[in-house]
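A.B. asks: First the structure, which I've put down as structure tokens, then a few questions once you've had a look.
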Amino acid sequence: MSNRVIRQFEERDMAALGAMYGQVSVQEDVLFWWVGDADNWENVFCAFEEEQMVAKGQLQLFNVVPPGRAAESKHKIFVNLKTWPGREKDLELRDSVYALLLERAQVLKRTLSPEYGTLLCTGNYAPEESCHAYFAEHLGYLPDSCLYTLQRDLREPVHAVELEEGLELTNAPMDSPEQRAAYLDLEAEIWPETPLGMERLLEYQEHPLWTWMVVRDAGRVAGSLMVWQEEELGIIEDVFVCKPWRRRGIAKALLNHALMYLQEKGLEQAQLVALTTNDSALSLYRSAGFQTGRQEIRYYKELD
């Protein structure tokens, strides 16, 4: 279209972004990323026709693999691409924004260690059929995973879970470089293919109410999770128990401790995500009062 302009997002575009978000969010189950702070806008590309924002694409570094991890580990860059309602099948519009996102992804890739490959990934809620078709059928992305969002009503009672003698549950600050490095080493043992990385850990720690909840046995970490606030929601992330301590009630104790913490801070809902195929985790979360909500479907392709 001759009067279309595609460029990086700028401060003057806030009103147009708000208008587009208002239209898109009327639809149920649409995963629309906000643009974030100004230092992120170089990763955001918008298409305008006259004064109307008709498409927005955005990138985020999701997993940055540090040196020394498993050889099969991959850096991950996620992409979110949305159009004005009714323009979902406009492939020329989508392709024109995606082309700039792909160029920017290559720039981001060059900042990452070449020791590992890089995946370009996308995730959209299950009802977003046009997004799934665009990435999978049109661009050749491959199926990756499906995740449930689970929510817990914090207005309902939560009861503490007693741990075995010798196990100690505390809130820990993780505020030194040494503590963060030790945590990331342990976390990478749990999820070797998708280690968290320092950048995302620091991003998590910037959220209000962030804390690390950890169970130790004679000083050794047996299990942990992180918790923080996003808008009116309490977020629980990175729930794990190390192998020698599994099936001893540690995960349930951590979850309930996190829920009580969020209750005490005045929040009314807690949220976490889990793979739809992880039956043991889903059973645990449901036993703690979580209800299954929306499903996100993810795809990926190698970034050459």
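The values are calculated or read from the model by the stated rules, or taken from the named source; none is laboratory data. Since the structure is predicted, the reported quantities are computational estimates derived from the model, not experimental observations. Neighbour counts are summed over all protein chains in view; Cβ atoms, including those assigned to glycine, are modelled from backbone coordinates with ideal geometry. Ligands, DNA and RNA are stripped out before the accessible areas are found, and what is left, the full protein with its side chains, is counted by its heavy atoms. Shrake-Rupley method; radii C 1.70, N 1.55, O 1.52, S 1.80 Å.
A.B. asks: Only helices at least 18 Å long along their own axis, judged from Cα atoms, and with Kyte-Doolittle mean hydropathy of -1.0 or greater: name those in the chain from DSSP H.
C.D. replies: Those that pass (Cα extent of 18 Å or more, hydropathy at least -1.0) are 91-109, 177-190, 250-264.
A.B. asks: Okay, next question. Accessible area per residue for the stretch 119-159 in Å², computed with a 1.4 Å probe and the full protein assembly in place, what is it?
C.D. replies: That works out to 45 Å² for each residue.
A.B. asks: Further, regarding this structure: For Ala19 and Lys301 in the same chain, what is the full-extension length gain: residue separation times 0.36 nm, less their Cα-Cα distance, in nm?
C.D. replies: Value of the extension gain: 98.4 nm.
A.B. asks: In addition: Under a point-charge model restricted to the Cβ atoms of Lys and Arg (+1) and Asp and Glu (-1), what is the dipole moment magnitude of the chain relative to its Cα centre, in debye to the nearest 20?
C.D. replies: Its charge dipole is roughly 600 debye.
A.B. asks: Let me ask another. What fraction of the DSSP beta bridges in the chain is antiparallel, stated in percent and rounded to the nearest 5?
C.D. replies: The answer is about 85 percent antiparallel.
A.B. asks: Moving on to the next point. Given axes a ≥ b ≥ c from the Cα gyration tensor, I'd like to know whether the stretch 98-147 is rounded (a/c under 1.5), prolate (a/b larger than b/c) or oblate.
C.D. replies: Since a/c reaches 1.5 and a/b is larger than b/c, the shape of the stretch 98-147 is classed as prolate.
A.B. asks: Give me the Kirkwood hydrodynamic radius of the stretch 212-301 in Å, from all C-alpha pairs, to one decimal place?
C.D. replies: 14.1 Å
A.B. asks: Give, in nm to one decimal, the length gained when the segment between Ala181 and Arg220 is fully stretched (0.36 nm per residue of separation minus the Cα-Cα distance).
C.D. replies: 12.5 nm
A.B. asks: Let me ask another. Amide H to amide H under 5 Å from Phe62: which residues, 5+ apart in sequence or cross-chain, H placed 1.01 Å off N in plane?
C.D. replies: The answer is Lys76, Ile77, Phe78.
A.B. asks: Additional query: Which ³J(HN,Hα) values in Hz, rounded to whole numbers, follow from the phi angles of the stretch 53-63 under the Karplus curve 6.51 cos²θ - 1.76 cosθ + 1.60, where θ = phi - 60° and Gly and Pro get x?
C.D. replies: Here the 3J(HN,Hα) series is 7, 10, 7, 9, x, 8, 10, 8, 5, 10, 10 Hz.
A.B. asks: Let me ask something else about it. Can you compute 3J(HN,Hα) from phi for each residue in the stretch 225-234, using the Karplus curve 6.51 cos²θ - 1.76 cosθ + 1.60 with θ = phi - 60°, rounded to whole Hz and x for Gly and Pro?
C.D. replies: 7, 10, 9, 7, 10, 10, 6, 9, 9, x
A.B. asks: Between Asn278 and His138, with labels modelled 7 Å along Cα→Cβ, what's the label distance in nm to one decimal, could you check?
C.D. replies: 3.2 nm
A.B. asks: Using Stokes-Einstein with the Kirkwood hydrodynamic radius over Cα pairs, what translational diffusion coefficient do you get for the stretch 56-153 at 10 °C and a viscosity of 1.306 mPa s, in µm²/s rounded to a whole number?
C.D. replies: Translational D for this selection: 106 µm²/s.
A.B. asks: Can you give the calculated 222 nm mean residue ellipticity of the chain, where each DSSP H run of n ≥ 4 adds -39,500 (n - 2.57) and the sum is split over every residue, rounded to the nearest 500 deg cm²/dmol?
C.D. replies: After summing the helix terms and dividing by residue count, I get -8000 deg cm²/dmol.
A.B. asks: Then there is this: When the accessible area of the stretch 199-304 is split by element with a 1.4 Å probe, what percent falls to carbon and sulfur?
C.D. replies: Roughly 44 percent, rounded to a whole number.
A.B. asks: Also: Show me the GluC sites (Glu not before Pro) within the stretch 44-90 that DSSP assigns to loop and that have at most 15 other Cβ atoms within 10 Å of their Cβ.
C.D. replies: Loop-located and lightly packed - Glu50, Glu51, Glu72.
A.B. asks: Test of the criteria: in the stretch 200-304, which trypsin sites (Lys or Arg not before Pro) are in a DSSP loop and have at most 16 other Cβ atoms within 10 angstrom of their Cβ?
C.D. replies: Listed in order of number, the matching sites are Arg246, Arg247, Lys265.
A.B. asks: Taking amide H positions as placed in the peptide plane 1.01 Å from N, state which residues far from Cys242 in sequence (5 or more) or on other chains have amide H under 5 Å from it.
C.D. replies: Gly223
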